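**Student:** First the structure, which I've put down as C-alpha cells, then a few questions once you've had a look.
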C-alpha cells in the first residue's frame, strides 16, 4: 500500500531499521494514526490473563483488535489519573484454589454469597451492576468488539493499584443480558484471580472456567436464599416475566438457575426451553424493549469535570495519547463525545 518492500517493513517491525520521515508519513497516513503514535513509548499492557469469552480461531483477529484497544484504554485511564482520583478498589479476595478443577459448585455458591456480603448487598435484586462495579473501583466501558462471540472480557491490570477492567460489547443491546455479562466477568475476576494464563490455552479448562463464571453470575444475581422463595410452585414462563422485571435477569437465565437449584427437573427445564423457542424468545424476550441499559459513568464523570474546568480538551488529549479523537472515543465507548458541543456535566448520585 505504501510501495515499500516487505523486507523493509519487516525490518521496521523488528526494530532493525527506522523508516525515513517520508516513509513514516506514508505509514501514518495509510494506517490512520498520528505520526507521533509511532514515536511514543510502548504503553500499558495487561498484567494478568485477559478472560475472553471465546478462543476460537474465528475470533482470533477480533481478540487482537480488542486487546490493542484495551491497551489504549489503559493509557487513557492512566492519563486521566494525572488529574482525577478514581474510586478506590474494593474487590474481595478469597482463598480460592488456583487450579480451576478444584473449584466446585458449592464453592462458587459460597463465594457469590460472600461477595454480596462484602459489598453489603443483602440478598435482594441488585439495582445497577455496572455502577456497583464502578463504585468499588472497577473501570467499565462498553465497546464494539467486532465479534458477537466475544460478548465481553475482563482483566486485572496494574495502574495506580491492581484494578479490574470490564469491557462489555455494545452489540448485545439487551439490558438483562449485558448485566449477566458483567456478572460473568466479575466471576472471572474473583474466582480466577490466581489462574495462570497458560491454563487458559487448554480447551477443556477454558470451557470449565467459562462454566464456573456463568454459575457465579447466576448465584450472584439470583441468590438461592431469596430467589428460591419466588417460585414455590411449578414455574411457567408467564410467572417468570414479572420476576424478570424485579431481578433484571433474562427468563432463560432464570430457567437455568431453577434447574441449578434443583427446583425443577431436567425434563421440566427442557420443556420450558422448547416453549421459549416456540415463542421466539431466544433472541428477544418480553420486557427487552422496556428495561433500560446500564451505562458506565466513571470515565464520563472524569472527562466532564476536566473539560468543564478547561484542564483538557480535544487537542490536548489527542496529543498526549497519540491517537485520533475517533479512536479515543471508541476506546472509552463514547463515540461523538468530544464533538458534542451541547454536552453538559452530568451529576450522578452515589447509589451504593
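**Student:** Would you point out which residue out of 60, 48, 40 is under 31 Å from the mean Cα position of the chain (by Cα), surrounded by fewer than 16 Cβ atoms within 10 Å (Cβ to Cβ) and in contact (Cβ under 8 Å) with a residue 24 or more places away in the chain?
**Tutor:** 40
**Student:** If we keep just the residues of region 20-50 that are outside any helix (DSSP H, G or I) and modelled with pLDDT of 90 or more, which is farthest from residue 138 (Cα to Cα)?
**Tutor:** Residue satisfying both the conditions and the ranking: 20.
**Student:** Picking from 83, 153, 94, which residue would you name as being more than 27 Å from residue 325 (Cβ to Cβ) and either in contact with a helix residue (DSSP H, G or I) (Cβ under 9 Å, 6 or more places away or on another chain) or surrounded by fewer than 22 Cβ atoms within 10 Å (Cβ to Cβ) (or both)?
**Tutor:** So the residue among 83, 153, 94 that is more than 27 Å from residue 325 (Cβ to Cβ) and either in contact with a helix residue (DSSP H, G or I) (Cβ under 9 Å, 6 or more places away or on another chain) or surrounded by fewer than 22 Cβ atoms within 10 Å (Cβ to Cβ) (or both) is 94.
**Student:** Now, a different point. Any chance region 172-183 includes a residue that's touching a helix residue (DSSP H, G or I) at 6+ places or on another chain (Cβ under 7 Å), part of a loop (DSSP other than H, G, I, E, B), at pLDDT below 95 and surrounded by fewer than 22 Cβ atoms within 10 Å (Cβ to Cβ)?
**Tutor:** Yes: region 172-183 contains one or more residues that are touching a helix residue (DSSP H, G or I) at 6+ places or on another chain (Cβ under 7 Å), part of a loop (DSSP other than H, G, I, E, B), at pLDDT below 95 and surrounded by fewer than 22 Cβ atoms within 10 Å (Cβ to Cβ).
**Student:** At least 1 residues that are modelled with pLDDT under 95 and either within 14 Å of residue 220 (Cβ to Cβ) or out of contact with any strand residue (DSSP E or B) (no Cβ under 6 Å at 6 or more places or on another chain) (or both) in each: list the helices (runs of 4 or more DSSP H) lying fully within region 51-142 that qualify. Break it down into steps so the answer makes sense when it comes.
**Tutor:** On the way: elements: 60-80, 105-118, 129-135.
Output list reads 60-80.
**Student:** Output the residue which, of all residues in region 138-150 that are over 10 Å from residue 171 (Cα atoms) and within 8 Å of the chain's Cα centre (by Cα), is surrounded by the most Cβ atoms within 10 Å (Cβ to Cβ).
**Tutor:** Ranking the qualifying residues of region 138-150, first place goes to 140.
**Student:** Within region 111-123, identify whether any single residue is assigned by TED's automatic domain parsing to the domain that holds residue 257 and closer than 21 Å to residue 292 by Cβ, and answer yes or no. Don't jump to the end; show me each part of the working.
**Tutor:** In the first step, residues of region 111-123 are kept if they are assigned by TED's automatic domain parsing to the domain that holds residue 257; the result is 111-123.
Then drop every residue that is not closer than 21 Å to residue 292 by Cβ, which leaves 121.
Scanning region 111-123 turns up at least one residue that is assigned by TED's automatic domain parsing to the domain that holds residue 257 and closer than 21 Å to residue 292 by Cβ.
The values are calculated or read from the model by the stated rules, or taken from the named source; none is laboratory data. All of these numbers come straight from a predicted model, not from anything done at the bench. Cβ sites come from the backbone with ideal geometry, for glycine too, and all protein chains shown count toward neighbours.
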